[in-house]
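Asker: Input: one structure, supplied below.
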């Protein structure tokens, strides 16, 4: 036991003295998280704003057949009508203009005679500005339509309200907290999983493959410390580093959201009610710790197998994908309802559970299966790490 | 004098290749025992097996009465090994490196401080012991490695090529350290292919060649038997004979 603590303390001290590991463990999560969250929101906001403010270029064909309509559309904001010479379809295709409005010859006549009349809009669906133009033209035309109808009703002394008999308003039963949780439900679990790997990765490599590379491993094995104690001490050091990372990342996210708010889509700034209940927070923490334990033991096993820092990195790199892919898949599957078996898959189970906790849904069977399976996996991973640590060919492969 | 290292039929195979092939020898307290052999003869593997870092394929060894298979932790407590490839925690000072290993030998803090002072004095490390080990020269590293290997004051000291790559001054410090250990009644095993060093220091020598022990005797008897005047000539002669005649046995 004393040896475990000695090794644990030494490895942490060594980690703290290393700028590279310190970067990965503390600085990166501290800076990257705010940057990602704020940056993503701001970027989306900027894109939407840009699209809204952008002026679209349109043109009319047979402009003279509907002077009133043309005038009405031209008066709309951010629509610019251009005169062109040549084939309109060609122009729209080449994105020189965003939309063309084809007005039939008999337009005014039909309106006067109160007959239905159609106009054709030429658009290009692979030009985003074109859809924008279409939307703005449609809005303008429907206002124009209303205007004409109101005039007609007025002429015949009919109340114009006769048209608008059904109006729709919405009321969201999801509380702000639930909305916030839902919005964060994808990002937060992903970050926790990510930092529980990244945070411990450098420490893990440094104290296993790095120890081989620096040729300190043999001296360590020559001490009376049991192999199991060595693995355990190192494992605790990796787990501590990873946990620090996760906590730093989460605190940083919390700070950023409480200052800037959270707007993943940029459309509206959801003010998140962050008053997570204490039991949810505890649960979140327990599952995070277990997740950290699983990954720490797994990374340590991989890293001790490698004989150099570089080799270890090239093994651990692809393993990210293995962990992250299922999580992303689950998140992009529409309406995915996880059955209980999904809570047996490490990392996936934590992500699913985090999501549930964040929207205040508690399913005891999900919680239990997740916790028990994570404990089971960390024991297995630790067992494997110990086994690898007693393999001569792994320790002394040159 | 007691035999504190007793090696019996020790064999170590890697993927079916015998790196150490049924070797037997004994080393006593108060002597320097030379384990000689060309590069790749199996000296380092034999040492690693005796020190319980590797486990034997067959045979066994006893260190201070503890069997390497039954009591590996006790064996490691009684043995100090200076390995050929030495490395340190480079972000730690020499002192911190020594402290860490001392703690793993479960030496109390106070005793450890005294021991570090003592070793620092003997090995002339006072000038650099508080500097980061990553900045050490080869000679400094070797001294620190020696200090680390004997931090727990073991009864058995095994030095594997301790003077390779060292200048004359540093070599002298290492050789003197071994003499001093002998005076303190330690059992010192020197593994080397530097015959002049061995001739100066060793009381008895064993020669390992291709994993097999081909001689185990005093230097004088060895020279006499091969009819040579120096250990180096005797060594060369016996190695060459082995090459010419695979059936040669000492």
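Asker: Got a sec? How would B:152, A:366 order by Cβ neighbour count within 10 Å, fewest to most?
Answerer: A:366, B:152
Asker: If I take the Cα coordinates of chain A and project them onto the principal axes, what are the three extents in Å, biggest first?
Answerer: Cα extents, longest axis first: 103, 47, 36 Å.
Asker: Continuing with this model, one more query. Hey, can you rank A:302-308, A:1-7, A:57-63 by average C-beta count inside 10 Å, highest first?
Answerer: Ranking the peptides A:302-308, A:1-7, A:57-63 by packing returns A:302-308, A:57-63, A:1-7.
Asker: Can you pull the mean other chain C-beta count within 10 Å for peptide A:219-232?
Answerer: Shielding by partners across A:219-232 averages 6.
Asker: Which value at 222 nm does chain A reach when only helices count, each DSSP H run of 4 or more adding -39,500 (n - 2.57), with the total divided by all residues and rounded to the nearest 500 deg cm²/dmol?
Answerer: -22000 deg cm²/dmol
Asker: Would you mind giving the average projected area, over all directions, of the Cα convex hull of the range B:60-193 in nm² with one decimal?
Answerer: Its average projected convex-hull area is 8.3 nm².
Asker: Now for a separate question. Largest first and in whole Å, give the semi-axes of the range A:120-176's equivalent ellipsoid, each being the square root of 5 times a Cα gyration tensor eigenvalue.
Answerer: 29, 25, 6
Asker: Which value in deg cm²/dmol, rounded to the nearest 500, describes the helix-derived mean residue ellipticity at 222 nm for chain B, given -39,500 (n - 2.57) per DSSP H run of n ≥ 4 and division by the residue count?
Answerer: -11500 deg cm²/dmol
Asker: Ranked from highest to lowest mean number of other Cβ atoms within 10 Å per residue, what is the order of the peptides A:286-292, B:34-40?
Answerer: Going by the mean number of other Cβ atoms within 10 Å, highest first, we get A:286-292, B:34-40.
Asker: Could you tell me what percent of the DSSP beta bridges with both partners in the protein assembly as shown are antiparallel, to the nearest 5?
Answerer: 50
Asker: Could you let me know the centre-to-centre spacing of the range A:37-73 and the range A:295-314, using Cα atoms, in angstrom?
Answerer: Taking the Cα centre of the range A:295-314 as reference, the centre of the range A:37-73 is 54 Å away.
Asker: Still on this structure, please answer the following. What number, in percent, do you get for the relative contact order of chain A if the mean sequence gap of Cα pairs under 8 Å and at least 6 apart is divided by its residue count?
Answerer: Once divided by the residue count of chain A, the mean separation gives 22 percent.
Asker: Further question: At what distance in angstrom do the alpha carbon centres of the range A:96-138 and the range B:62-78 lie from each other?
Answerer: 94
Asker: Considering every Cα-Cα pair within the range A:54-160, what fraction, in whole percent, is farther apart than 25 Å?
Answerer: That tail contains 23 percent of the Cα-Cα pairs.
Asker: Still on this structure, please answer the following. By the gyration tensor of its Cα atoms, with a ≥ b ≥ c the square roots of the eigenvalues, what is the shape of the range B:139-201: rounded for a/c under 1.5, prolate for a/b over b/c, or oblate?
Answerer: oblate
Asker: Taking a label point 7 Å from the Cα of residue B:225 along the Cα→Cβ vector, which residues of the range B:34-61 have an amide N closer than 13 Å to it?
Answerer: none
Asker: I've got another one for you. Quick one: A:131, A:138, A:208, fewest Cβ neighbours within 10 Å first, how do they rank?
Answerer: A:138, A:131, A:208
Asker: Right, another one. In what sequence, highest mean first, do B:120-130, B:61-71, A:313-323 appear when ranked by Cβ atoms within 10 angstrom?
Answerer: Averaged packing, sorted descending, gives the order B:61-71, B:120-130, A:313-323.
Asker: Taking R0 as 45 Å, what's the FRET efficiency between residue A:279 and residue A:329 from their Cβ-Cβ distance, rounded to 0.05?
Answerer: For residue A:279 and residue A:329, the calculated efficiency is 0.90.
Asker: Which whole number gives the average, over all residues in B:82-92, of C-beta atoms from other chains lying within 10 Å of the residue C-beta?
Answerer: Averaged over the peptide's residues, the number is 6.
Asker: Turning to a different aspect of this structure: Determine how many Å³ per residue the convex hull of the Cα atoms of the range A:1-114 encloses.
Answerer: Residue-normalised Cα hull volume stands at 195 Å³.
Asker: Based on the Cα atoms of the range A:312-382, what semi-axes does the equivalent ellipsoid have, where each is the square root of 5 times one gyration tensor eigenvalue, given in whole Å with the largest first?
Answerer: 23, 17, 9
Asker: Post the alpha-carbon centroid distance, the range A:204-250 to the range B:79-100, in whole angstrom.
Answerer: Cα centroid to Cα centroid, the span is 16 Å.
Asker: Within 10 Å of each residue's Cβ, count the other Cβ atoms and sort A:195, A:8 from fewest upward.
Answerer: By the 10 Å Cβ count, ascending, the order reads A:8, A:195.
Asker: Name the shape class, rounded, prolate or oblate, that the alpha-carbon gyration tensor gives for the range A:280-398, where a ≥ b ≥ c are the square roots of its eigenvalues, rounded holds for a/c under 1.5, and otherwise prolate holds if a/b is larger than b/c and oblate otherwise.
Answerer: Since a/c reaches 1.5 and a/b is larger than b/c, the shape of the range A:280-398 is classed as prolate.
Asker: Regarding chain B, what whole-number volume in Å³ per residue does the convex hull of its Cα atoms give?
Answerer: About 126 Å³ per residue, rounded to a whole number.
Asker: Count, for each residue of B:98-105, the Cβ atoms from other chains sitting within 10 Å of its Cβ, then give me the mean as a whole number.
Answerer: Per residue, the number of nearby Cβ atoms from other chains is 6 on average.
Asker: If you average the sequence gap of Cα pairs under 8 Å that are 6 or more apart and divide by the length of the range A:1-92, what percent do you get for the contact order?
Answerer: 21
Laboratory data are not the source of any read-out in this text; all were calculated from the coordinates shown. These figures come from a predicted structure and were not determined experimentally. FYI the Cβ positions are ideal-geometry reconstructions off the backbone, even for glycines, and counts take in every protein chain you see.
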